[in-house]
Amino acid sequence: MAHNISEKMYGLTQRNSAVRAMFEEGKRLAALYGPGNVHDFSIGNPNFPAPPQVNEAIADIVRSEPSTFVHGYMSNAGYEDVRGAIADRLNRRFGTDFGFSHIIMTAGAAGGLNVILKTLLNPGDEVAVIAPYFLEYGSYIANYDGVTVVVPPNPPDFRPDPAAVGRALTPKTKALILNSPNNPTGAVYSEKTLKGIAAALEEKAAEFGRPIYMISDEPYRELAYDGAEVPWLTSCYRNTIVCYSWSKSLSLPGERIGYIAVSPEADESALILEAAVIANRVLGFVNAPSLIQRVVMRCLDESADLSAYDHNRRLLYDGLKDAGFECTYPEGAFYLWVKTPCDDQRFCEMAKKHNILVVPGSAFACPGYIRIAYCVDPGTITAALPAFRRLAEDLEPVYTARNAV
């Protein structure tokens with residue numbers, strides 16, 4: 001059947017985001033039953049305010065800097081002083097050697113991923129992703145006529161197996177997308193794991209005679225608990241490109257602000273940066289939003305209240321474990337990954353009968369699990385725990401049947 005939209009976009013409509021679909025369902029149910037009676041854990045939308053320094057910076061910038069400068073065009077890569085401040089902070093934190101020219105300001109990490117994939121991919125090039133993964137990666141890759149190759153998940157801790165990553169690489173592999181702390185599992189990948197993956201990439205790149213880039217998607221870098229360290233990937237692998245976002249670390253998801261950092265040691269780094277600036281323009285971003293660029297420059301040392309996320313993490317994990325659910329303890333991000341005793345889609349439908357909205361693991365290429373976003377008001381978790389216990393009672397026959405096998 002012919003359609004009036006492009007075949008590529010028609011294909012994407014058939015795999016529309018389950019996260020967004022559940023988010024819209026939450027709004028529908030809230031209108032029916034009242035927001036306080038719907039336990040919506042569907043989307044990673046931070047419910048904790050941005051640090052006060054953000055609003056203070058906005059007010060001061062609007063008052064003190066010329067309007068035509070604050071709201072005008074700048075270089076497509078972003079303001080030079082903003083990029084320089086970011087480079088300096090990275091160098092202080094990680095002992096790197098970035099200059100402002102290695103940084104491109106983007107419309108969030110998602111914008112950065114699209115820019116760098118457009119920059120790197122030729123039709124048919126492969127990009128490896130590690131399940132479970134944020135399924136929009138596949139849409140981004142397909143948008144530039146690339147091919148997604150899925151590395152199987154590695155339960156129970158869901159830290160990647162470097163050998164499995166190596167097996168997924170072929171002569172057509174252009175890049176691997178890595179996401180730590182991970183959405184949806186909350187896993188933080190150790191330096192040992194990352195160096196193992198880097199070794200696998202180096203071995204295959206030498207075998208194939210072409211570089212394989214590691215694209216690090218880092219919206220959750222600052223959200224790590226219990227002293228967990230999030231290694232800086234350019235220190236592990238020279239062909240690394242980082243896509244960062246302040247959506248989570250400063251609770252600014254709607255502002256769409258982030259950056260690309262290309263390792264100075266990466267193969268053809270100067271050409272990648274030049275092409276990425278052009279990609280930023282031709283994709284229609286032109287430049288990252290101007291005002292918020294200047295705001296984040298003043299807030300580089302600020303972060304959202306990690307203790308609030310940690311409180312929610314413990315409250316939800318302990319409550320669900322007490323109710324009998326099998327959960328992966330999250331080291332970072334703000335998601336709880338829960339094993340289901342039945343088909344994950346069926347589980348979500350059963351949960352919805354208790355006005356609980358969660359996302360099936362199949363939406364992350366890992367069926368048999370569900371994701372719960374705990375970046376919510378703590379009262380939402382407290383109110384939902386009795387509903388989860390009732391859901392566990394509904395599931396008791398399923399658990400009994402599974403354990404009898």
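All of the numbers you see were taken from the coordinates with simple rules; none came from a lab. Since we're looking at a predicted model, the values are computed, not measured. FYI the Cβ positions are ideal-geometry reconstructions off the backbone, even for glycines, and counts take in every protein chain you see.
Using the structure shown, decide if PRO386 is touching a helix residue (DSSP H, G or I) at 6+ places or on another chain (Cβ under 7 Å) and not charged (D, E, K, R). Talk me through it step by step, then tell me what you get.
Working: touching a helix residue (DSSP H, G or I) at 6+ places or on another chain (Cβ under 7 Å): no; not charged (D, E, K, R): yes.
In short, no.
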key: Residue list for the stretch 247-292, restricted to those being under 30 Å from VAL62 (Cα atoms) and part of a strand (DSSP E or B)   = GLY258, TYR259, ILE260, ALA261
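Look through ALA206, ALA228, ALA199 and report the one residue that is under 20 Å from the mean Cα position of the chain (by Cα), surrounded by fewer than 23 Cβ atoms within 10 Å (Cβ to Cβ) and hydrophobic (A, V, I, L, M, F, W, C). Break it down into steps so the answer makes sense when it comes.
Values: ALA206 fails: under 20 Å from the mean Cα position of the chain (by Cα); ALA199 fails: under 20 Å from the mean Cα position of the chain (by Cα).
Just one listed residue meets the conditions, ALA228.
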key: Out of GLY254, GLY284, GLY332, sole residue that is surrounded by fewer than 17 Cβ atoms within 10 Å (Cβ to Cβ), of a type outside the set (Lys, Arg) and within 18 Å of the chain's Cα centre (by Cα)   = GLY254
ask   = Can you name the number of the only condition in (1) in contact (Cβ under 8 Å) with a residue 60 or more places away in the chain; (2) over 21 Å from the mean Cα position of the chain (by Cα); (3) part of a loop (DSSP other than H, G, I, E, B) that ILE58 fails?
value = (3)
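Out of the residues in the stretch 142-192 meeting the condition of being of a type in the set (Ser, Thr, Tyr) and free of Cβ contacts under 8 Å to residues at least 60 places away in the same chain, tell me which one is surrounded by the most Cβ atoms within 10 Å (Cβ to Cβ). Explain how you work it out, then say what you get.
Here is the first cut: in the stretch 142-192, the ones of a type in the set (Ser, Thr, Tyr) are 144, 148, 170, 173, 180, 185, 189-190.
With free of Cβ contacts under 8 Å to residues at least 60 places away in the same chain added as a condition, the list becomes 144, 148, 170, 173, 189-190.
On the way: TYR144: 18, THR148: 18, THR170: 12, THR173: 21, TYR189: 25, SER190: 16.
Per the stated criteria, the residue is TYR189.
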